[in-house]
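Visitor: Below you'll find the structure I mean.
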Amino acid sequence: MTMKLGLYVHIPFCLQKCFYCDFPSFANIADLKEAYTDALCKEILMQGALLPCAVVDTIYIGGGTPTTLSDGLLRKILASLKQAFHFNETMECSIEANPGTVNPQQLESLRAAGVNRISFGVQTFEDNLLVKIGRIHTAQAASQSVLLAQAAGFTNINLDLMYGLPGQTLAMLEKSMQIAMDLGVDHISIYGLIVEEGTVFAAKEKQGQLELPSEELVEQMYDRIMSALPNAGYERYEISNFAKAKCYSRHNLKYWQDQPYLGLGAAAHSYINDRRYANTHDVKAYIAAVNSGKVAAEVEEEMTSTVLMEEFCFLALRTKWGIDCGKFAEKFGRSIFAVYGNVIKNLQEKKLLTVDARSVYLTALGMKYGNQVFAEFLLDT
Ligand code: SF4
């Protein structure tokens, strides 16, 4: 039997570490690019041989900054993927890019190699904020990168934006959203800043040197986003993701809708047959493992049916479609109301959840207080 599969390919290189970033990405290992690409291609071929029944319908090349690799290295990775896996004819193939790391030849080359979606990390169109958060590019470079991608034939383009940044005002956020919309992109992801442990911002916060907007202002920003983007025709289909004309990220939908995906590269995660795997974060250890003939993935956690149920619910609730009650019953052999009846009733009374004939999903208020709702879906063990 064939299995539809998403592939996540991790490229851990960045030109500079952004001050808020805790992703597995590094600015000081550029000398490993060729060795890493060789190991990655080996892992791709090994994994492809282990999954002969897989039909790949989405690929997401993320990082890090994949476009810091040369055109030749990126094409090598794409060629290995094509050699190792069966591709679905209508496959979505996305790549993450940062403004300042793309050029016309490279973009045309990616299009020619089958990449049909590009996601730019822009964060804000304010130059002074870009400096404050440790980005390498200017606002103008961000706009220019989008125009170059459009000229190269990309029609499916995402821009990542952020709110709650140090020094950011409501007017600055509105301006950034407007520029993104004026650029004509069909997808916008927008995230509130979280100060993560181990980042430059976390260190600054400990020293009392990080001035963040007040909670009230962050809430005003959130409310403004939730009116401005839908009013301009961007449908909120996931807590942080908005799309025009149903240009949803098909790959990311797999994460939220309990679909299998295989992670390739250092720090990449996989979810197949109700088991999660993760490759080592250590780039040198990853290269050594693959070169010694090992697939670098290790079982990260044995997932009990309790954990599977909780995750099924948290992830599905992030989307506008919510939890499909039929799929829950099919997977777990029990009605969702037999497991979560009281929780659902309480959250309905608080106007955080809605139930219809097929689904259980968040209200607009529930989307705002998503973490509070998700906590209620934790089961006592
Ligand atoms: S470019 Fe992206 S992955 Fe790289 S440091 Fe910045 S936020 Fe992290």
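FYI, it's all coordinate maths here, none of it is from the lab. Small disclaimer: the values here were computed from a predicted structure and weren't measured. Don't worry about glycine lacking a Cβ; one is built from the backbone with ideal geometry, like all the others, and counts go over all protein chains shown.
Visitor: Pairs of alpha-carbon atoms within less than 8 angstrom and 6+ residues apart define the contacts here; what relative contact order does the range 1-51 have, in percent?
Guide: In percent, rounded to a whole number, it is 25.
Visitor: I need to check one value: relative contact order of the range 279-381, counting alpha carbon pairs closer than 8 Å and at least 6 residues apart, in percent.
Guide: Contact order relative to length: 24 percent.
Visitor: Given charges of +1 on the Cβ of Lys and Arg and -1 on the Cβ of Asp and Glu, with all other atoms neutral, how large is the dipole of the range 3-256 about its Cα centre, in debye to the nearest 20?
Guide: Charge dipole of the range 3-256: 660 debye, to the nearest 20.
Visitor: Among Lys33/Lys331; Lys204/Lys350; Lys206/Lys351; Lys254/Lys284; Lys175/Lys244, which pairs are too far apart, with a Cα-Cα distance over 31 Å?
Guide: Too far apart for the 31 Å limit: Lys33/Lys331; Lys204/Lys350; Lys206/Lys351.
Visitor: Another one. Out of Phe332, Phe87, Phe154, any idea which swings most in a Gaussian network model of the chain, alpha carbons joined below 10 Å?
Guide: It is Phe332.
Visitor: Counting Lys +1, Arg +1, Asp -1, Glu -1, what net charge surrounds Arg224 among other residues with beta carbon under 12 Å of its beta carbon?
Guide: Summing Lys and Arg as +1 and Asp and Glu as -1 gives -2.
Visitor: Once you keep just the Cα pairs under 8 angstrom separated by 6 or more residues, what percentage relative contact order results for the chain?
Guide: In percent, rounded to a whole number, it is 15.
Visitor: Let me ask you something else. Using the Cβ atoms and a cut-off under 14 Å, what net charge is assigned to the surroundings of Leu69, where Lys and Arg are +1 and Asp and Glu are -1?
Guide: Net charge in that neighbourhood comes out at -2.
Visitor: Explain nothing, just compute: Karplus ³J(HN,Hα) = 6.51 cos²θ - 1.76 cosθ + 1.60, θ = phi - 60°, for every residue of the range 287-295 in order, whole Hz, x for Gly and Pro.
Guide: 4, 5, 4, 5, 5, 8, x, 9, 7
Visitor: Okay, moving on. Please compute the Kirkwood hydrodynamic radius of the range 305-376 from all pairs of different C-alpha atoms, in Å with one decimal.
Guide: 11.9
Visitor: Using only the Cα atoms, work out Rg/Rh for the range 1-60, with Rh taken as the Kirkwood radius, to two decimals.
Guide: Here the Rg-to-Rh quotient is 1.09.
Visitor: Okay, next question. Using only the Cα atoms, what convex hull volume per residue in Å³ does the chain have?
Guide: 151
Visitor: So if the hydrodynamic radius of the range 335-381 is defined as the Kirkwood radius over C-alpha pairs, what does Stokes-Einstein give as its diffusion coefficient at 4 °C and 1.567 mPa s, in µm² per second?
Guide: It diffuses with D of about 120 µm²/s by this estimate.
Visitor: Could I ask something else about it? Sort the range 177-262 into rounded, prolate or oblate with this rule: let a ≥ b ≥ c be the square roots of the eigenvalues of the Cα gyration tensor; rounded if a/c is under 1.5, and if a/c is not under 1.5, prolate when a/b is larger than b/c, oblate otherwise.
Guide: Oblate.
Visitor: Using the 10 angstrom Cβ neighbour count as an exposure proxy, how do Ser292, Ser189 rank, fewest first?
Guide: Lowest to highest Cβ neighbour count: Ser292, Ser189.
Visitor: Then there's this: With springs connecting C-alpha atoms under 10 Å apart, model the chain as a Gaussian network and identify which of Gly293, Gly48, Gly322 has the largest mean-square fluctuation.
Guide: Gly293
Visitor: Using Cα springs under 10 Å in a Gaussian network model of the chain, which residue among Gly63, Gly341, Gly153 shows the largest mean-square fluctuation?
Guide: Gly341
Visitor: Thinking of the range 227-381 as a set of Cα atoms, what percent of all their pairs are more than 23 Å apart?
Guide: Roughly 47 percent, once rounded to a whole number.
Visitor: Residue-wise, which Karplus ³J(HN,Hα) couplings in Hz belong to the range 57-64, taking 6.51 cos²θ - 1.76 cosθ + 1.60, θ = phi - 60°, and x for glycine or proline?
Guide: 10, 9, 10, 10, 9, x, x, x
Visitor: Mind jotting down the distance between the C-alpha centroids of the range 235-300 and the range 51-117, whole Å?
Guide: 15
Visitor: While we're on this one: Calculate the dipole size of the range 149-216 relative to its Cα centre from +1 charges on Lys and Arg beta carbons and -1 charges on Asp and Glu beta carbons; express the result in debye to the nearest 20.
Guide: Around 200 debye, computed over the range 149-216.
Visitor: When the helices in the chain are scored as -39500 (n - 2.57) per DSSP H run of 4 or longer and the sum is shared across all residues, what 222 nm value do you end up with, to the nearest 500 deg cm²/dmol?
Guide: Helix-only estimate at 222 nm: -12500 deg cm²/dmol.
Visitor: If you don't mind, there's one more thing I want to ask. Among the aspartates and glutamates, which have Cα under 18 Å from the Cα of Lys246 when same-chain residues fewer than 8 positions away are ignored?
Guide: Partners found: Asp57, Glu92, Asp160, Asp186, Glu235, Glu238.
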